[in-house]
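Asks: Structure below; questions to follow.
The values are calculated or read from the model by the stated rules, or taken from the named source; none is laboratory data. A quick note: this is a predicted structure, and the numbers were derived from the prediction, not measured. Note: ideal-geometry Cβ built from the backbone for every residue, glycine included; neighbour counts use all protein chains shown. For accessibility, only protein heavy atoms count, side chains too; no ligands or nucleic acids. Shrake-Rupley method; radii C 1.70, N 1.55, O 1.52, S 1.80 Å.
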Amino acid sequence: QRDVDEIREQIERRLAPIGKKVYGIVNYHNAVILPEIVPAYTDMVRYLVELYYWAVTRYPTSGFLRVKLSDALRERGVAPHIFESAEEAGPFPRNCHRRML
(Lines give C-alpha, C1' and ligand atoms only; values in the text may rest on other atoms or scores of the structure.)
Protein backbone atom coordinates (compact mmCIF):
# COMPACT_ATOMS: atom_id res chain seq x y z
CA GLN A 1 0.00 0.00 0.00
CA ARG A 2 2.92 2.34 0.68
CA ASP A 3 4.07 1.90 -2.91
CA VAL A 4 0.57 2.68 -4.21
CA ASP A 5 0.43 5.82 -2.07
CA GLU A 6 3.91 6.87 -3.21
CA ILE A 7 2.96 6.47 -6.88
CA ARG A 8 -0.18 8.57 -6.35
CA GLU A 9 1.76 11.28 -4.51
CA GLN A 10 4.47 11.43 -7.20
CA ILE A 11 1.96 11.71 -10.02
CA GLU A 12 -0.13 14.33 -8.22
CA ARG A 13 2.96 16.38 -7.40
CA ARG A 14 3.88 16.48 -11.10
CA LEU A 15 0.44 16.84 -12.69
CA ALA A 16 -1.55 19.04 -10.29
CA PRO A 17 0.52 22.17 -11.06
CA ILE A 18 -0.17 21.80 -14.80
CA GLY A 19 -3.78 22.77 -14.15
CA LYS A 20 -5.29 20.75 -16.99
CA LYS A 21 -5.64 17.14 -18.04
CA VAL A 22 -2.88 15.48 -20.04
CA TYR A 23 -2.35 12.32 -22.08
CA GLY A 24 -0.24 9.62 -20.47
CA ILE A 25 1.84 6.63 -21.48
CA VAL A 26 2.70 4.22 -18.66
CA ASN A 27 5.60 1.78 -18.96
CA TYR A 28 5.02 -1.34 -16.84
CA HIS A 29 8.24 -2.99 -18.03
CA ASN A 30 9.41 -5.39 -15.30
CA ALA A 31 6.60 -4.22 -13.00
CA VAL A 32 5.18 -6.58 -10.43
CA ILE A 33 1.81 -5.91 -8.85
CA LEU A 34 0.98 -8.46 -6.18
CA PRO A 35 -2.55 -9.87 -6.49
CA GLU A 36 -3.56 -8.52 -3.09
CA ILE A 37 -2.50 -4.99 -4.15
CA VAL A 38 -4.33 -4.97 -7.51
CA PRO A 39 -7.61 -3.57 -6.06
CA ALA A 40 -5.86 -0.69 -4.26
CA TYR A 41 -3.62 -0.02 -7.25
CA THR A 42 -6.45 0.07 -9.79
CA ASP A 43 -8.57 2.24 -7.48
CA MET A 44 -5.64 4.67 -7.37
CA VAL A 45 -5.35 4.55 -11.17
CA ARG A 46 -9.05 5.31 -11.53
CA TYR A 47 -8.72 8.29 -9.18
CA LEU A 48 -5.73 9.68 -11.12
CA VAL A 49 -7.36 9.13 -14.51
CA GLU A 50 -10.49 10.99 -13.42
CA LEU A 51 -8.49 13.99 -12.18
CA TYR A 52 -5.45 14.29 -14.41
CA TYR A 53 -5.74 12.41 -17.70
CA TRP A 54 -7.63 12.77 -20.97
CA ALA A 55 -6.47 9.26 -21.86
CA VAL A 56 -3.78 6.84 -20.76
CA THR A 57 -2.12 4.04 -22.66
CA ARG A 58 -0.11 1.31 -21.00
CA TYR A 59 2.40 -1.31 -22.07
CA PRO A 60 3.32 -4.12 -19.69
CA THR A 61 5.81 -6.64 -21.06
CA SER A 62 4.28 -9.48 -19.04
CA GLY A 63 1.29 -11.15 -20.67
CA PHE A 64 -0.02 -12.08 -17.23
CA LEU A 65 0.15 -8.49 -15.98
CA ARG A 66 -1.44 -7.28 -19.21
CA VAL A 67 -4.47 -9.53 -18.67
CA LYS A 68 -4.72 -8.96 -14.91
CA LEU A 69 -4.41 -5.19 -15.18
CA SER A 70 -6.82 -5.00 -18.11
CA ASP A 71 -9.48 -6.96 -16.23
CA ALA A 72 -9.04 -4.98 -13.01
CA LEU A 73 -9.25 -1.61 -14.78
CA ARG A 74 -12.36 -2.62 -16.71
CA GLU A 75 -14.03 -3.68 -13.44
CA ARG A 76 -13.47 -0.12 -12.21
CA GLY A 77 -14.75 1.53 -15.36
CA VAL A 78 -11.32 2.59 -16.60
CA ALA A 79 -10.50 2.00 -20.27
CA PRO A 80 -7.32 -0.10 -20.16
CA HIS A 81 -5.77 0.83 -23.55
CA ILE A 82 -3.06 -1.78 -23.04
CA PHE A 83 -0.49 -2.48 -25.75
CA GLU A 84 2.42 -4.89 -26.04
CA SER A 85 5.17 -2.35 -26.68
CA ALA A 86 6.12 1.32 -26.49
CA GLU A 87 5.97 1.49 -30.28
CA GLU A 88 2.32 0.41 -30.23
CA ALA A 89 1.40 2.57 -27.22
CA GLY A 90 3.09 5.78 -28.40
CA PRO A 91 0.68 6.85 -31.17
CA PHE A 92 -2.42 6.20 -29.07
CA PRO A 93 -2.66 9.60 -27.31
CA ARG A 94 -2.39 11.51 -30.60
CA ASN A 95 -4.96 9.25 -32.25
CA CYS A 96 -7.26 9.56 -29.26
CA HIS A 97 -6.98 13.36 -29.42
CA ARG A 98 -7.90 13.36 -33.11
CA ARG A 99 -11.02 11.32 -32.38
CA MET A 100 -12.06 13.83 -29.69
CA LEU A 101 -11.83 16.83 -32.04
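Asks: Within the stretch 30-47, can you find the residues that are under 14 Å from Leu15 (Cα atoms) and open to solvent by 40 Å² or more (accessible area, probe 1.4 Å)? I'd like the intermediate steps shown before the answer.
Replies: Looking only at the stretch 30-47, we keep the residues that are under 14 Å from Leu15 (Cα atoms), and these are 45, 47.
Across the stretch 30-47, the qualifying residue is only Tyr47.
Asks: Next question, about the same structure. Just one of (1) over 19 Å from Val78 (Cα atoms); (2) in contact with a Gly (Cβ under 9 Å, 6 or more places away or on another chain); (3) not aliphatic (A, V, I, L, M) trips up Glu6, so point out which.
Replies: (2)
Asks: Could you list, in sequence order, all residues of the stretch 16-29 that are open to solvent by 90 Å² or more (accessible area, probe 1.4 Å) and either basic (Lys, Arg) or more than 15 Å from the chain's Cα centre (by Cα) (or both)?
Replies: Pro17, Lys20
Asks: For the stretch 1-29, which positions are of a type in the set (Ser, Thr, Tyr) and either farther than 15 Å from Arg46 by Cα or modelled with pLDDT of 95 or more (or both)?
Replies: Going residue by residue through the stretch 1-29, those that are of a type in the set (Ser, Thr, Tyr) are 23, 28.
Scanning the stretch 1-29 gives a single hit, Tyr28.
Asks: Oh, and also: Scan the stretch 48-69 and give yes if some residue there is open to solvent by less than 40 Å² (accessible area, probe 1.4 Å), in contact with an Asp or Glu (Cβ under 9 Å, 6 or more places away or on another chain) and at pLDDT 90 or above, otherwise no.
Replies: Filtering the stretch 48-69 down to residues open to solvent by less than 40 Å² (accessible area, probe 1.4 Å) leaves 48-49, 52-53, 55-60, 63, 65, 69.
Okay, now just the ones that are also in contact with an Asp or Glu (Cβ under 9 Å, 6 or more places away or on another chain), so 48, 52, 57, 59-60, 63.
Pick out the ones that are also at pLDDT 90 or above and you get 48, 52.
Looking for residues that are open to solvent by less than 40 Å² (accessible area, probe 1.4 Å), in contact with an Asp or Glu (Cβ under 9 Å, 6 or more places away or on another chain) and at pLDDT 90 or above, one finds at least one in the stretch 48-69, hence yes.
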